[in-house]
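Below is one structure, written out as structure tokens, with a few remarks after it.
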Amino acid sequence: MSDDQESELCFPPNCSDGPPSLGDKQVSNGVFAVKSKRNKVTRSSGERKKVKMGSTSARGRPRKTFVTMYHSQISGDKDTIKIRIKKSNAITHVKLPSKKKSGRRKKHKTTSDTDASDHETSRKRSRLSQEIEADLVTSTQEPLEQSTWGKDMPEELLTRIFKDVCHSDGCLPALVRLCQVCRLWQRVALIPTLWQTIDLNWVKNKFRTDHKLHWLIQNRLSHCEDLNLGEWRVRDVQNVILSLSRNCPQLVSLNLSGWKGLMADHFKLLSSEFPKLQRLDLSSISGSSLNSQPLVHLAQTMGNRLTHLVLAHNKLIGFTLIMTALSECCSNLQLLDISNIRTFSHNTALLRVERLQNGCPKLRVLRITNSEIWLAPASIPEQMSSPGFPNLEELSLAGLEAQQATARTIDNDGIERILKNSTKLRLLDVRGCIRLTDSGLVKVPAWDLEHLFLSACYVTRTTNSGLELILQKWSHSLLEVDLAWSTATESLDAAVLALAEKGDDSPLRVLNLCGSSVSLDPVKAVLTKCPQLHSINLQSCRALPRGIKRLYTGRAAVAELRRSLQDKPKTETDDEESSGAGRGRGATNNDDESATGGVITGATGDQLVTEQHMPITSTHMPSSLYPTSAE
């Protein structure tokens, strides 16, 4: 091929012979994307360097210049030509006379005759240039033929499969990823009936804008029933609510947690513009305080439609008025979450339990965790006439001891008032209830409790308490037990052994003994006789030997702990325990201090004295509360 023919292939029409100009875009090392409309070309930096080297004079014979040849190839862009500068086989190298140089030696550079080298120093190519070259290569390849899944599958069958995926894993991000498989899957994944339960917390924060939210509402959420917009920083709240009301007529559940800009007018729109709305999450919406009037109006307007209401993490004014409105207007209320509620009054807010039981008999979940709420006193006739919560399944009364929370006021009478006729209870959380004794717990009317949390409770700190009787009552149904920071060693060991009495029939899966004084033998019994156990927490258990004081999660980890305790000779354990006892009182006292510090978070000395002098009304319950197997 002649030089003129190569010049025609290398450069666009109407261009002078020569390398591309410096203004052209360099794609990679020695590769240029040259626009076909350009006329002016200049030399590349690599060739200017070669010309300069060839023009300089040297001692001895004149140096021979490099003869370069240009090879062209049409790139992926229709308007450009890809230029590669390559040394031809006819090029001869002239060895220059060696010259000694002072200073640090330079590392020897190896040269290559590949297209990527082009007589330039090798350097790491940027990711952008690699992606561009990959696109140029892959763009010339023919696409593979689609499989049966992408071509011949009926849309009805794919729709059913996608529905199962959305039901198990959620609509997002599953539907978004399914859209990227092929055109058939994209067409099926964009069916509006699949977009029913949407959790937009999956969207990254940088994409959470009002514009994108409006587009999603108008184009994807026409059949949405459950929408989670928690923690979205919406600027124009009213327009978003109006857009939801116009484009999402099937909306049943709405999560607006973290929306600090909600005003009284917005509550009116929520109660009037969504005829099918039943579940509402308004947690963490008060920047400073939240007035009771909008919530009272919301309860009165929605009435029996309201089934789930979450008001957690708010500072409320007029808490009693809100509870009164719910008791009078929302008879179908099933979930009420008033956890972490703060008030402005000097005294804590009062909750009239009997009035709530009369007005909301269908309540299934009641959460009053760590809130400044106390139970209002009630007369004996009011307590007797109350129907209780017959459908209650979850009750949470946990709280920190250092705060004026509900947990500090709950005693045996209070737990009896709340759990009246609650035979379906499955979860009970009384962590931090320092006035609740074993006699109040064994009187709980439920017989199939599954989750029990007793950490930092009074019953776990008293010697000769009825903790064993409590766990014996529900050992056949308990799935999760929390006995963390229990200091009564004898009662704790007996209670843990009671959990292992069911043997292979024990359904226990999670056991938390963190910071407790449990002994090694009860732990071995639980590991041996509870085959369903997949999580056990032994952190900071000072009575256990070293090497096993940690959290075990997963069946493999629990099985490894079980094997290690079975294979360990008893003499080693005895020697270690005896050596630990012989080291002196100092280590034991340190462990006790760490355990006590974990239990009493910010507790004062008066609280400790109160616990020590708290009388136990009864350590044993009548045998009638525990029917025999024959009965």
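Key figures for this structure:
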read-out	value
Additional length obtainable on full extension of the chain from D152 to C179, 0.36 nm per residue less Cα span	8.0 nm
Residues A378 and M263, FRET efficiency given R0 of 41 Å [Cβ-Cβ distance, rounded to 0.05]	0.70
Computed label-point distance, nm, for sites S168 and Q238 using a 7 Å Cα→Cβ extension	4.7 nm
Volume in Å³ per residue [convex hull over Cα atoms, computed for the stretch 293-435]	96 Å³
Relative contact order for the stretch 151-194, counting Cα pairs under 8 Å that sit 6 or more residues apart, in percent	39 percent
Residues D337, D169 arranged by fewest to most Cβ contacts within 10 Å	D169, D337
Cβ crowding within 10 Å averaged over residues, with 509-519, 444-454 ranked highest first	509-519, 444-454
FRET E, pair W202, T463, Förster distance 35 Å, beta-carbon r, rounded to 0.05	0.10
Model label zone, T423; criterion: amide N under 18 Å from point 7 Å along Cα-to-beta-carbon; scope the stretch 347-390	361-364, 386-390
Amide H contacts under 5 Å for E372, placed H, 5+ residues apart	I341
Gained length - Q250 relative to F344, 0.36 nm times residue gap less alpha-carbon distance	30.1 nm
Label-point gap, in nm, between N304 and L321 - each point 7 angstrom along Cα→Cβ	2.7 nm
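Rule-based calculations on the coordinates, nothing more; no lab input. Fair warning: this is a prediction, and the values are worked out from it, not measured in the lab. Cβ: placed from backbone, ideal geometry, glycine included. Neighbour counts: every protein chain shown.
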